[in-house]
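Q: I am attaching a structure below and will ask some questions about it afterwards.
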Amino acid sequence: MMPAEYFLAHIWMIPLFPLAGAALMLLIGRRLPNRAVSAVCVGSVFLSMCFAFGAIWQLIARPAADRLVSFNLFDWVPAGAMHTNAGNLMDLHVPWGVLMDPLTAVMLLVVTGVGFLIHVYSIGYMGHEGGYYRFFGYMNLFMFSMLTLVLANNLLLLFVGWEGVGLCSYLLIGFYFLRKSASDAGKKAFIVNRIGDAGFLLGLFLMLGTLGTIQFTELGPAITAGHFEFGNGTLTAIALLLFVGATGKSAQLPLYVWLPDAMEGPTPVSALIHAATMVTAGVYMIARTNAVFSMAPRALEVVAVVGCVTSLFAATMGLVQNDIKRVLAYSTVSQLGYMFLACGVGAYTAGVFHLMAHAFFKALLFLGSGSVIHSLSGEQDMRKMGALWTKVPTTARTFVVASIAIAGIPPLAGFFSKDAILGHAFEHSPVLWLLGFITAGMTAFYMFRLVNMTFFGKSRVDHEVEHHIHESPSAMTVPLTILAALSVVGGWVGWPESLGGSDRFAQFLAPVMAQHGEETAAAASSINSMEYLLMALSVAIAAGGIWLAYRLYIQRPEMPEKIAASSGFLYRLLYRKYYMDEIYDAMFVNRTKDLALTLGAFDRNVIDGLGVDGSGWLTRFTSRVSMWWDSWIVDGLVNLAARVVWILSYPVRMLQTGRVSRYALFMLIGVLIFLGYYLRSSGFTLQNLLH
């Protein structure tokens, strides 16, 4: 019989299954057939999902006040004594530990549930691609990193997962590395995120020096014990630095520029990393450290304004894009802005609610776009689509469901989460609400512009492609159907009191959020006519956007070109994405190149200034010194290190037989030894198992 709360006690195992899959793929995956790769990698994520769902079920069974499990696996960074900014001496020990509470439960539901469906979808989408094992190895490595981020009980361990998903993003965006645009996009994502990560690290160090802890469960008590005033400057600085990291990972102004280019990666990558999980890490981090942010109102104002402006800014660019995946990319940036707007006005629960709902319908939109691209032999330009409704019926119908959800039409998931954000924004600032309200109308318009150009109207598909249009295999359409169902019912857990519900989602997250001052739905202001008016307005503007898209792209398909021609500079400004890439190149990229050229010219001028040419004694002398240095020092050290490793690795090399079966045996023995040691150290016996 399984011990009580077995899954809660073993949540540390959830990331290990995909880690084992990734290690196996990267070591011997090249020798495995595609079916074996699929079984190992998809099966490992399935096991993580089962453990995660079991832990969530057991957590929900607990009383609301007791829904927290945190334990340390081992002492990870024993840094010794250090002085805090308050002058106190503390003994710093950062553990490798896990935390399970309602916020973790929501993230595990999203990461493992949506992640598993995307892995299943990838079997059909990537079945004929080269590097099949490498793709799934990277995907499993990403799952390990994201689950480490979500389960971490301290900020430093969260940063390990944070950097891990950044690495996997680089690898997966540049998966088609022979294509220059893909490799450039991967480098762009990596470099831009390093800027944000620098701010994250500074905020982490400042938090440690100020509060003396980076354990999430200790932040609130540390702030209380330190008698920090509301609006304290140091806490504000910590919050702003952490937010810099969030702007990079979650693609907010000014560090959003990497995400649209990330569409160069395979479509399942866009669905998993750049829609459902990784890009929401910044929102999760702010919600997790809400104890600090709630004490820094100026920082929250910055978060709200940046999120609101980013949401509107990205939506305007989504209006005119023609690449189906780029429309969805700018939509993702815009929806992430909504989440930051919610956090900025103190509505952390609403932000996390939209994070969950968005994961369902945005993953569906990306996977649906991948199904369209698959059916059109790789075509991504919407101007070469049309009239696909009857040719790919499952893809079309599920895509429309997701589009209705993101537009905010009741009773689908997007309505409840978006309405919650706009309602809190109105209470905080009518200006922020107005900008979010306008963005909602734009969202409905550009999504149904995409729907109409892709699935309705006249066919604009190339003649040679049209004969090969086909519905995707069941490995791709079944995940679409499941995500469509979640896009419909996923928001019902947050059914508001104003519509006769009880907002169970807010109640579930209350122990994590409310203890630091956030009002829950039950404690909010009484329902009044203004609340119903705001709901009606949000539905009306969404319906207006849908109608306008129908009017322009179905009834009057010649009008968009006329409007674009008459708009002139405005249309070019939006189509060229406000020339932000050109501005960044001019300000930073090209200036860095100029600096490198200047330093190189300076070195040459120094030698020239000595009055010697290439045949002079100084040139010959420096050349010989350089050759000696390279041969004896640089190469010598490398060769010495190689020789030492060669000598010390003699016993291990005897085990390198080249036989996969023997390697598998050694791995099995190692796993059994590890499990035996763990079970013995935890007091587990055969008698316990039998009883």
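This table checks each residue for (1) open to solvent by less than 60 Å² (accessible area, probe 1.4 Å); (2) not small (Gly, Ala, Ser).
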site: 532; (1), (2): no, yes
site: 535; (1), (2): yes, yes
site: 555; (1), (2): no, yes
site: 562; (1), (2): no, yes
site: 565; (1), (2): no, no
site: 572; (1), (2): no, yes
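Q: Does segment 342-353 contain any residue that is open to solvent by 10 Å² or more (accessible area, probe 1.4 Å), polar (S, T, N, Q) and farther than 26 Å from residue 553 by Cβ?
A: For segment 342-353, residues open to solvent by 10 Å² or more (accessible area, probe 1.4 Å), polar (S, T, N, Q) and farther than 26 Å from residue 553 by Cβ: present.
Q: Modelled with pLDDT under 90 and on the phi < 0 side of the Ramachandran plot: which single residue out of 604, 556 fits that description?
A: None of the others qualify; the one that does is 604.
Q: Is it true that residue 156 is free of Cβ contacts under 8 Å to residues at least 12 places away in the same chain and open to solvent by 20 Å² or more (accessible area, probe 1.4 Å)?
A: When the stated conditions are applied, residue 156 does not pass them.
Q: Please list, ordered by first then second residue, the pairs with beta carbon atoms under 9 Å, 6 or more apart or interchain, first in segment 183-212 and free of Cβ contacts under 8 Å to residues at least 24 places away in the same chain, second surrounded by fewer than 16 Cβ atoms within 10 Å (Cβ to Cβ) and among the aromatic types (Phe, Trp, Tyr).
A: Short answer, once both residue conditions are applied: 183/177.
Q: Need the failing condition index for residue 543 against (1) surrounded by 12 or more Cβ atoms within 10 Å (Cβ to Cβ); (2) modelled with pLDDT under 80; (3) aliphatic (A, V, I, L, M), just the number.
A: So the condition that residue 543 fails would be (2).
Q: Somewhere in segment 300-320, is a residue in contact with a Cys (Cβ under 8 Å, 6 or more places away or on another chain) and either without any contact (Cβ under 8 Å) to a residue 12 or more places away in the chain or under 16 Å from residue 170 (Cα atoms) (or both)?
A: No.
Q: Can you list residue pairs whose Cβ atoms sit under 6 Å apart, with the first residue in segment 46-70 being assigned to a loop (DSSP other than H, G, I, E, B) and the second being open to solvent by less than 30 Å² (accessible area, probe 1.4 Å) and of a type in the set (A, V, I, L, M)? Count only pairs 6 or more apart in sequence or on different chains.
A: Pairs that qualify, where the first residue is assigned to a loop (DSSP other than H, G, I, E, B) and the partner is open to solvent by less than 30 Å² (accessible area, probe 1.4 Å) and of a type in the set (A, V, I, L, M), are 67/59.
Q: Given the conditions (1) open to solvent by 30 Å² or more (accessible area, probe 1.4 Å); (2) among the hydrophobic types (A, V, I, L, M, F, W, C); (3) closer than 26 Å to residue 506 by Cβ, which single one is not true for residue 438?
A: Unmet for residue 438, out of (1) open to solvent by 30 Å² or more (accessible area, probe 1.4 Å); (2) among the hydrophobic types (A, V, I, L, M, F, W, C); (3) closer than 26 Å to residue 506 by Cβ: (3).
Okay, residues lined up against (1) in a helix (DSSP H, G or I); (2) farther than 26 Å from residue 186 by Cβ:
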{"residue": "91", "(1), (2)": "no, yes"}
{"residue": "105", "(1), (2)": "yes, yes"}
{"residue": "114", "(1), (2)": "yes, no"}
{"residue": "128", "(1), (2)": "no, no"}
{"residue": "134", "(1), (2)": "yes, no"}
{"residue": "149", "(1), (2)": "yes, no"}
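Residues are listed down the side, and each one gets a yes or a no for (1) more than 30 Å from residue 11 (Cβ to Cβ); (2) open to solvent by less than 10 Å² (accessible area, probe 1.4 Å):
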position	(1), (2)
165	no, yes
169	no, yes
174	yes, no
181	yes, no
194	yes, no
210	no, no
219	no, yes
225	no, no
236	yes, no
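Q: If you go through segment 405-426 one residue at a time, how many are open to solvent by 50 Å² or more (accessible area, probe 1.4 Å) and either of a type in the set (Gly, Ala, Ser) or closer than 20 Å to residue 336 by Cα (or both)? Step through it out loud before you land on a result.
A: Start the filter on segment 405-426 by keeping residues that are open to solvent by 50 Å² or more (accessible area, probe 1.4 Å), which leaves 410-411, 424, 426.
Next, only the ones that are either of a type in the set (Gly, Ala, Ser) or closer than 20 Å to residue 336 by Cα (or both) stay: 424, 426.
Residues flagged as open to solvent by 50 Å² or more (accessible area, probe 1.4 Å) and either of a type in the set (Gly, Ala, Ser) or closer than 20 Å to residue 336 by Cα (or both) within segment 405-426 amount to 2.
Q: When you scan segment 224-233, do you find a residue that is in contact (Cβ under 8 Å) with a residue 24 or more places away in the chain and farther than 21 Å from residue 305 by Cα, even just one?
A: At the first step, the residues of segment 224-233 found to be in contact (Cβ under 8 Å) with a residue 24 or more places away in the chain are 226, 228, 230-232.
Okay, now just the ones that are also farther than 21 Å from residue 305 by Cα, so 226, 228.
Looking for residues that are in contact (Cβ under 8 Å) with a residue 24 or more places away in the chain and farther than 21 Å from residue 305 by Cα, one finds at least one in segment 224-233, hence yes.
Q: Are there any pairs with C-beta distances below 7 angstrom linking a residue in segment 113-131 that is open to solvent by less than 10 Å² (accessible area, probe 1.4 Å) to a residue that is among the small types (Gly, Ala, Ser), with the two at least 6 apart or on different chains, and if so which?
A: 114/276; 114/359; 114/363; 118/271; 118/363; 121/475
Q: Now for a different question. Check off (1) closer than 22 Å to residue 173 by Cα; (2) open to solvent by 40 Å² or more (accessible area, probe 1.4 Å); (3) of a type outside the set (Gly, Ala, Ser) for residue 201 and give me the number that stays unchecked.
A: Evaluating residue 201 over (1) closer than 22 Å to residue 173 by Cα; (2) open to solvent by 40 Å² or more (accessible area, probe 1.4 Å); (3) of a type outside the set (Gly, Ala, Ser) leaves (1) as the failure.
Q: Which residue is surrounded by the fewest Cβ atoms within 10 Å (Cβ to Cβ), if the candidates are limited to segment 390-404 and must be out of contact with any Asp or Glu (no Cβ under 8 Å at 6 or more places or on another chain) and over 21 Å from residue 356 (Cα atoms)? Don't jump to the end; show me each part of the working.
A: Of segment 390-404, the ones out of contact with any Asp or Glu (no Cβ under 8 Å at 6 or more places or on another chain) are 390, 396-404.
Add one more test, that the residue is over 21 Å from residue 356 (Cα atoms), and what stays is 390, 396-397.
On the way: 390: 8, 396: 21, 397: 15.
Taking the candidates together, the pick is 390.
Q: Would segment 11-30 turn up any residue that is farther than 23 Å from residue 167 by Cα and open to solvent by 40 Å² or more (accessible area, probe 1.4 Å)? Even if it seems obvious, please write down each step before you answer.
A: Let us first name the residues in segment 11-30 that are farther than 23 Å from residue 167 by Cα, namely 11.
Of the ones still in play, those that are also open to solvent by 40 Å² or more (accessible area, probe 1.4 Å) are none.
No, that holds for no residue.
Q: Would you call residue 239 under 26 Å from the mean Cα position of the chain (by Cα) and either under 16 Å from residue 290 (Cβ atoms) or modelled with pLDDT under 95 (or both)? Quick ask: steps written out before the conclusion?
A: Details: under 26 Å from the mean Cα position of the chain (by Cα): yes; either under 16 Å from residue 290 (Cβ atoms) or modelled with pLDDT under 95 (or both): yes.
Yes.
Q: Can you list the helices (runs of 4 or more DSSP H) lying wholly within segment 436-537 that have 2 or more residues being modelled with pLDDT of 90 or more?
A: Details: elements: 463-466, 474-489, 504-513.
In segment 436-537, the matching helices (runs of 4 or more DSSP H) lie at 474-489, 504-513.
Q: Examine segment 337-351 for a residue that is under 17 Å from residue 444 (Cα atoms) and assigned to a helix (DSSP H, G or I), and state whether such a residue exists.
A: Let us first name the residues in segment 337-351 that are under 17 Å from residue 444 (Cα atoms), namely 337-338.
When the remaining residues are screened for being assigned to a helix (DSSP H, G or I), the result is 337-338.
Within segment 337-351 (the criterion being under 17 Å from residue 444 (Cα atoms) and assigned to a helix (DSSP H, G or I)), the answer is yes, since at least one residue qualifies.
The values are calculated or read from the model by the stated rules, or taken from the named source; none is laboratory data. Since the structure is predicted, the reported quantities are computational estimates derived from the model, not experimental observations. Methodologically, a virtual Cβ is constructed for each residue, glycine included, from the backbone with ideal geometry; neighbour enumeration extends over all protein chains shown. Each accessible area value is taken on the protein alone, full model and side chains, heavy atoms only, with ligands, DNA and RNA left out. Shrake-Rupley method; radii C 1.70, N 1.55, O 1.52, S 1.80 Å.
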